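> After the structure tokens below, expect a handful of questions from me.
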Amino acid sequence: MRYEYCPKCGKKLIQKQAGDDGLVPYCEDCEKYWFDSFGSCVIIMVTRKNNDGTEVLLLRQKYMSDEYMNFVSGYITVGENAEESAYREVLEETGIKLDSLEYSGTWFFELQELLMHGFIGYTSQSEFTLSSEVDGAQWVPLEKLEDYMYPDSPGNAQFGTYQVYLQRYGR
């Protein structure tokens, strides 16, 4: 979000030099710079191992896409760190308790102005209980994952997290 008015007093902001950051919106009354801000989210590739190999939990959320399926994702709430948020989102949306979590990186999703914090989550659970936010879910073999996911594109944290998994563990 780019600020035009001061969120504190409502006055129209001017552009003022802020050191190495260049021109930044500034409130003359509050004497405060208002740097661009954006939301922070988590995205989690939930995995489990079975006799056939690795499977990944994919969610169907019609408000996001009719064609593709998604990893678990959600906003980081005030007071949480990214890891706490990842554990919470997986539990809320799927009823799955993760055994462990591994950081996979960050991606900026410009279309929605979101910083996506990626994780790979590990569970031994196979059953899931979906929240009302989720229209469906299924375990997908790792080898078939790309058939269900959004194709790679700039800022695609789902594909980025998947690529990190492949770099670390292969197929």
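> For the stretch 22-38, which positions are closer than 15 Å to residue 1 by Cβ and either in contact (Cβ under 8 Å) with a residue 24 or more places away in the chain or part of a loop (DSSP other than H, G, I, E, B) (or both)?
34, 35, 36, 37, 38
This table checks each residue for (1) touching an Asp or Glu at 6+ places or on another chain (Cβ under 9 Å); (2) among the hydroxyl-bearing types (Ser, Thr, Tyr).
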{"position": "131", "(1), (2)": "yes, yes"}
{"position": "134", "(1), (2)": "yes, no"}
{"position": "137", "(1), (2)": "yes, no"}
{"position": "142", "(1), (2)": "yes, no"}
{"position": "149", "(1), (2)": "no, no"}
{"position": "154", "(1), (2)": "yes, no"}
{"position": "161", "(1), (2)": "no, yes"}
{"position": "168", "(1), (2)": "yes, no"}
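> Name the residues in the stretch 126-144 that are among the β-branched types (Val, Ile, Thr), surrounded by 14 or more Cβ atoms within 10 Å (Cβ to Cβ) and either in a loop (DSSP other than H, G, I, E, B) or not assigned by TED's automatic domain parsing to the domain that holds residue 72 (or both), would you?
Matches in the stretch 126-144: 134 only.
> Take residue 123 and tell me if it is surrounded by 17 or more Cβ atoms within 10 Å (Cβ to Cβ), farther than 30 Å from residue 2 by Cβ and either among the β-branched types (Val, Ile, Thr) or at pLDDT below 95 (or both).
yes
> Only residues that are outside any loop (DSSP other than H, G, I, E, B) and of a type in the set (Val, Ile, Thr): list them for the stretch 46-85, please.
Of everything in the stretch 46-85, those that are outside any loop (DSSP other than H, G, I, E, B) and of a type in the set (Val, Ile, Thr) turn out to be 46, 47, 54, 56, 72.
The values are calculated or read from the model by the stated rules, or taken from the named source; none is laboratory data. Predicted model, so just to flag it, every value in this text is computed and none were measured. For neighbour counting, all protein chains shown are included, and Cβ atoms are generated from backbone atoms with ideal geometry for every residue, glycine included.
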